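To start, the structure itself, in structure tokens.
We did not get these values from a lab; they are worked out from the coordinates using the rules stated. From a predicted model like this one, the values you see are computed outputs, not experimental measurements. Neighbour counts run over all protein chains shown; Cβ positions are idealised from the backbone, glycine included.
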Amino acid sequence: MTEDNNILSGVPAAEEAAEALEKAVSSVEETADAVAGAADTAVKQTEETVEEITEVAEKTVGEITETVEETAGEAAEAAEKTVDEISENAEKAAAEITEAADEATDGIKDAAQETAEAVAEPVPGATGELKEGNPADHFKTIISAAEHSAEVTAPKPAGEGNIFFEMPTEKTDEEIDAEADKAASEDEELAPAPVGDPSQIMEDPPVIVFDQVHKEYEGQIEDSVALTGVSFSIRKGEFVFIVGPSGSGKSTMIRLMMREISPSSGKILIAGKNLAKLRRRQISKYRRNIGIVFQDFRLLPDRNVYDNVAFAQRVVGAPKRNIPKEVSKVLHLVGLSQKYKSFPNELSGGEQQRVAIARALVNNPMIILADEPTGNLDPKNSYEIMSLLEEINRRGTTVVIVTHDSEVVNRMQKRVVSLQSGTIVDDKRGGYKLG
């Protein structure tokens, strides 16, 4: 009985314990739910935070990338502009240094020559002779060495030797300067030209005059005489063809006008300048004022159309701010405004010749000399080039064309100077007279 009572008395305790356990379990479950909820909330907040951080990072990276690209572009543009300016300044400075060196050389030569003459001249009242050589010869040696040193050390303009207006001379610099000195001592009067209406010549002085020009190539056994007693004149604004068979003297005549060679005798005046009086340093300047167009175009292959034309302006020291305007103007005139970025190998023969003409025109020359300008072109392009040269002539530029293209000459009906065996056999307006 007592045992049963003990059991009965323990039941409430067990129930309480079970109830307590149930509460504990319930509390644990609530705690677990709270922890799970907190964990979910934390995960959600973390995901949101990560998304915000990712978005900010992406935006920041984008802004940084854009800024870097803009900065890099600006730096590249500035660097390219700086390189162009340095290149242009270097070309101009080199040309100025070369000119200064030439002038210094001439000064050294003149001063040394005067000194040599003074030393060589006997002093009144002096007796005896110098026993260690002629002082004049000694100073001539000094002159020669100074000239050679100046030429070797003086920097050349960029591209010299490969640009269209620099041509090799047949004679040495000493011989050229000697010819200039000799010509300077001669009479400067302009000989009357036998061609054209005398009254018109008086009213409008000729820009080109050949006065009894004779040219003989030394060192040749046969056919050494290229021109014999050639006299003619060309007035400002004329359009003249010089024609004749091979060996008639056409090329010699234009080489003389370009001052690539000098006449054996006679006088050549271009725009009032006696070409024989040009010293070595003046020859390149003279050519830069004469527009020259060649059969083989002579474009710079590594430069586009714009740069080929602009180069002619940079070499003569044209103001940088004026170059784009002048280049654009001549490219428009020759019909190549849309091709200014193209390179020579991307152009047709006719287009390349148009670039050559634009380059010849950009410095606004008084005279255009064209040596077989249609020689490498088909009939259609030849007609277009001649029409372009005619338009340039109508604007006041004197145009002289050396050609053997009888079809072009007959179609144009301009003044024609016909050569044969080094002499002028015909000079009148019309077509090609020789067979």
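A compact table of results
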quantity	calculated
Among 256-269, 317-330, the order from most to least packed when residues are scored by Cβ within 10 Å on average	256-269, 317-330
Mean Cβ count within 10 Å, highest first, over the residues of peptides 367-377, 381-391, 13-23	367-377, 381-391, 13-23
Radius 11 Å from Cβ of ASP40, net charge of other residues (Lys, Arg +1; Asp, Glu -1)	-1
Part-to-part distance (alpha-carbon centres) for segment 384-407 and segment 282-346, which is given in Å	19 Å
For segment 217-264, with +1 on Lys and Arg beta carbons and -1 on Asp and Glu, the positive-most of GLY219, SER264, ILE254 along the dipole	ILE254
Whole-Hz couplings from phi, Karplus 6.51/-1.76/1.60, listed for segment 411-417; x for Gly and Pro	6, 6, 6, 10, 5, 10, 9
With eigenvalues of the C-alpha gyration tensor scaled by 5 and rooted, segment 230-309, Å	25, 18, 13
Rg(Cα) / (2.2 N^0.38 Å) computed for segment 342-435, rounded to two decimals	1.14
log₁₀ of I(q)/I(0) at q = 0.10, 0.14, 0.15, 0.16 Å⁻¹ - segment 184-430, Debye sum with one point per alpha carbon	-0.49, -0.96, -1.09, -1.22
Listed peptides 333-343, 238-248, 270-280 by packing density, highest first (mean Cβ within 10 Å)	238-248, 270-280, 333-343
